[in-house]
1. Would you mind finding the one in A:G46, A:G61 that is free of Cβ contacts under 8 Å to residues at least 24 places away in the same chain and touching a helix residue (DSSP H, G or I) at 6+ places or on another chain (Cβ under 6 Å)?
2. Taking the residues in region B:22-47 that are within 18 Å of the chain's Cα centre (by Cα) and aliphatic (A, V, I, L, M) as candidates, determine which candidate is modelled with the lowest pLDDT.
3. Based on this model, can you work out whether B:I233 counts as under 20 Å from the mean Cα position of the chain (by Cα), assigned to a helix (DSSP H, G or I) and within 21 Å of B:W182 (Cα to Cα)?
4. Look at B:G136 and say whether it is more than 9 Å from chain A (Cβ to nearest Cβ) and not β-branched (V, I, T).
5. Return only the number of the condition from (1) without any contact (Cβ under 8 Å) to a residue 60 or more places away in the chain; (2) more than 14 Å from chain A (Cβ to nearest Cβ); (3) among the acidic types (D, E) that B:E183 does not satisfy.
6. Quick check on my filter: what residues within region A:199-253 are more than 30 Å from B:I167 (Cα to Cα) and touching a residue at least 12 places away in the same chain (Cβ under 8 Å)?
7. Of the residues B:D241, B:D194, B:D161, which single one is touching a residue at least 12 places away in the same chain (Cβ under 8 Å), acidic (D, E) and in contact with a strand residue (DSSP E or B) (Cβ under 9 Å, 6 or more places away or on another chain)?
Amino acid sequence: MKSLKIYLKDDKNKKLVISSLSVLTMFLAWVFVTETGLANPLFLPGPKAIWLSFLECLHEGYQGSTLVEHVATSLYRILAAFLLACLVGVPLGIFMGISKTINAMFNPFIEFYRPLPPLGLYTLLVMWLGIGEASKLALLFLAGLPGIIIATIQAVRDINPTLVLATRSLGAKKMDLIREVYLPGAGPTILTGMRISLGFVYTVLVAAEIVAASAGIGWMIWDAAKFLLSDVVIMGLIVLGLTGIALDFTMRLIGYLIMPWTRAAGLNSKV
Amino acid sequence: MKFNKLMIGLLSCALTLPAFADDKPEEVTIGYLNLVNAQLVTKSLGLVQKEMPGVKINYIKVGGGGDMLRAIAGKQVDFGGLGNPPTAIGVTRGLPIQGIMVLNMLDYVEAMAVRPSAGIKNFRDLKGKKIAAPFGSTTHYLLLNALNDEGIDPASMDIIDLRPNDIALAWSRGDIDAAWFWEPALGKVLKGGDAHLFTTSGIYASRGYPTWDVGVVMDSFAEKYPDYVKKFIKAECEGIDFWLNNPAETAKIIAEELELTLEDATRMMKGTEMVPCSKQLTQQYMGDGGAESGFVKTLMSTGNFLYEQKRLPKAAEVDLFTDFMRTDYLEEVVK
C-alpha cells in the first residue's frame with residue numbers, strides 16, 4: 001500500500017493509472033450494456049464481435065483487400081498529403097512570419113478556406129481533379145496546411161528579437177538567420193502545429209475516401225455502414241484511432257531525435 | 001408564477017399526450033428516393049396530407065438505398081422506400097421495418113451506359129476498365145449478377161462506388177468507362193453524347209433478376225398508428241392511379257419535381273413500371289406475402305447473393321422476409 005502511494009506520488013505514474021482506469025471503466029461499461037442486451041447489437045456490437053471482425057478482416061480481408069492493405073492505402077494517402085503540407089507549410093509559414101508583405105499576400109486565402117467544410121470543398125476538387133488519387137490527396141493536403149502555416153508563423157514571431165539582432169550583428173545573411181535561428185528556435189512550436197495538423201488530416205480521411213475509393217480504412221468504414229456492418233465500422237474506427245496515436249508518437253519521437261535541445265522536457269511531455 | 005405556469009403546462013402535456021397518442025401522430029416523415037416513381041406525384045398533389053388532415057407531413061429526399069438504410073436505422077423517417085438489395089440487408093440485419101406496398105418495378109429507368117470510345121461490346125470487354133455503380137443498390141446487385149452469369153471475375157476490372165450524380169460528373173470528366181445507375185443522372189449522361197445504352201435493368205428483370213422498390217414503415221409507427229399506415233397506402237395508390245391515368249399531367253409533375261425537361265420526364269416515366277394497387281397482391285408481386293410470392297423469392301435470392309458477396313453476415317432466412325412482407329394493410333385498402 002505504501003509503495004503504491006509512493007508510486008502514485010509521481011505525476012507521470014498517477015496519470016497513467018487514471019488513464020488506464022478510465023479506459024477500463026469504459027470497456028467494462030461496453031461489455032455490460034452489450035452482454036445484458038441493453039444495447040441493440042445492430043448498433044453496438046460487443047467487444048467479441050469487434051474482435052472477430054478484426055481477425056476476419058486481417059486474414060480474409062474486407063471486400064478484396066486485407067486490413068493491412070486498407071490501412072496501408074490510407075496511411076499512404078495521409079502521409080503523402082501531410083508531407084506535402086509540411087514541405088509547403090513550414091517554409092511558407094517562416095516567410096510569412098518574417099515578412100509582413102508575404103503574410104499580407106497569402107493570409108486572405110488561408111483564412112478564407114480554412115473554415116470551409118471539407119465535403120463542400122471536395123465537390124469542387126472532384127470536378128477539377130477527377131475521382132482518382134489526386135482529389136483525395138488534395139483534400140487531405142488542404143486540411144493539413146493551415147495548421148502548419150499558422151503554428152509556424154506564431155513560432156517565428158515568438159523568437160526573441162535580441163537573438164536575431166545578435167546574429168545579424170555577427171554578419172549573418174537572411175538564409176543563415178533562417179537556418180541558424182528561426183528553424184531551431186521555432187522547431188518545437190512547428191512540431192506542435194504539425195501534430196495538430198496531422199489530426200486535421202485524419203478527420204477528413206473518411207470524407208476523402210467516400211467518393212470512388214475501393215480501398216482504405218475510411219472507405220471500409222463508409223462502405224460497411226452502408227451494409228449496416230456496425231462491427232466493421234467500430235473495428236475500423238478503433239484501428240484508425242490507434243494508428244493515429246502511433247503516428248503522433250512517431251512525430252514526437254522524431255522531434256526528440258532531431259531537436260535535442262527540447263529533450264529536457266522528456267519524450268512524454270506535450271512539447 | 002412563471003414556474004407554476006410551466007408546471008401546469010408540463011402537467012397538462014403529460015396528461016393529454018397519452019390520450020391522443022394512439023389515434024393521431026403529430027407529424028409524419030416520409031423518406032423518398034431520388035428516382036422517378038409515383039411518390040413524386042403523391043408528394044406534389046399533397047395526397048398524403050389530404051388523407052391525414054391536421055398532421056404535419058415532412059418529405060425527405062434520400063440519395064440511394066444505402067442512405068435510406070441509415071435514415072431508417074437512425075429512426076429519421078416513418079415511411080421509406082427501399083430497393084430489393086437494401087431491403088434484404090435491412091431485414092436480415094433486423095431493422096424494425098415492414099414492407100407494405102410496391103412502389104415501382106424497375107425497367108430501363110436504370111441502365112448501364114458505356115463510353116463508345118472504350119470499345120465495350122460485351123461484358124468480357126469490361127476487363128481492366130473502370131466501372132461505377134452505387135454500392136449496395138439495385139444496379140450494383142445487377143452488375144455483379146450479370147458478371148457472375150457471364151463467368152467473369154469482378155476483380156478483373158475496377159468497380160468503384162459512386163452515387164448517380166457523381167457518376168454523371170465523373171462521366172463528363174472522362175474518369176469512368178461504364179456505369180450502371182439510374183435516372184435522372186442517367187439521362188444527363190446519355191444526352192451528353194459520349195455514351196450509349198449497353199443494357200437495362202428491365203432486360204435483367206426478364207432474365208430472372210427483377211428489381212423494385214418497396215414502401216416500408218417503421219414497426220413502432222405501424223404499431224401505434226395502424227390506421228395511418230392504411231392512409232399512407234391509400235394516398236400512394238391514388239398517386240399510382242393518377243400516374244397510370246394521366247400520363248401527360250404526371251410528366252409535368254415529374255419534370256417540375258426533378259427539374260427536367262418534359263421530354264426527359266416522359267421518357268423516364270416509361271422506364272418505370274407502376275403497379276396498380278389492385279394488382280399488387282398477385283403472386284408476381286407481394287402475393288400473399290408467403291415464401292412463394294414474387295417479392296419474397298426476390299428477397300431470398302438477393303439475400304443469398306449478398307451473403308456470397310460477404311455483404312451480409314448470414315444467409316437469407318425465408319421467415320424473416322415473410323414476416324417483413326405485410327399484406328394486411330394493403331388488403332384492407334383495396335378491399
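1. On the way: A:G61 fails: touching a helix residue (DSSP H, G or I) at 6+ places or on another chain (Cβ under 6 Å).
Selected residue: A:G46, the only one of A:G46, A:G61 that is free of Cβ contacts under 8 Å to residues at least 24 places away in the same chain and touching a helix residue (DSSP H, G or I) at 6+ places or on another chain (Cβ under 6 Å).
2. Applying the filter and picking the extreme gives B:L35.
3. Details: under 20 Å from the mean Cα position of the chain (by Cα): yes; assigned to a helix (DSSP H, G or I): yes; within 21 Å of B:W182 (Cα to Cα): no.
The answer is no for B:I233.
4. Values: more than 9 Å from chain A (Cβ to nearest Cβ): no; not β-branched (V, I, T): yes.
Taking the combined requirement at face value, the residue does not satisfy it.
5. (1)
6. Applying the first criterion (more than 30 Å from B:I167 (Cα to Cα)) to region A:199-253 yields A:199, A:238-239, A:241-253.
Answer for region A:199-253, where residues must be more than 30 Å from B:I167 (Cα to Cα) and touching a residue at least 12 places away in the same chain (Cβ under 8 Å): A:G199, A:I238, A:V239, A:T243, A:G244, A:L247, A:D248, A:M251, A:R252, A:L253.
7. Details: B:D241 fails: in contact with a strand residue (DSSP E or B) (Cβ under 9 Å, 6 or more places away or on another chain); B:D194 fails: in contact with a strand residue (DSSP E or B) (Cβ under 9 Å, 6 or more places away or on another chain).
That would be B:D161, the only listed residue that is touching a residue at least 12 places away in the same chain (Cβ under 8 Å), acidic (D, E) and in contact with a strand residue (DSSP E or B) (Cβ under 9 Å, 6 or more places away or on another chain).
Listed here are the residues, each with its yes/no results for (1) surrounded by 19 or more Cβ atoms within 10 Å (Cβ to Cβ); (2) basic (K, R); (3) outside any loop (DSSP other than H, G, I, E, B); (4) in the same structural domain as A:G199 (by TED's automatic domain parsing).
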residue: A:I102; (1), (2), (3), (4): no, no, yes, yes
residue: A:F106; (1), (2), (3), (4): no, no, yes, yes
residue: A:F109; (1), (2), (3), (4): no, no, yes, yes
residue: A:P115; (1), (2), (3), (4): no, no, no, yes
residue: A:Y122; (1), (2), (3), (4): yes, no, yes, yes
residue: A:M127; (1), (2), (3), (4): no, no, yes, yes
residue: A:L140; (1), (2), (3), (4): yes, no, yes, yes
residue: A:A143; (1), (2), (3), (4): yes, no, yes, yes
residue: A:I148; (1), (2), (3), (4): yes, no, yes, yes
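The values are calculated or read from the model by the stated rules, or taken from the named source; none is laboratory data. Bear in mind the structure is a predicted one, so any value in this text is a computation, not a measurement. Cβ sites come from the backbone with ideal geometry, for glycine too, and all protein chains shown count toward neighbours.
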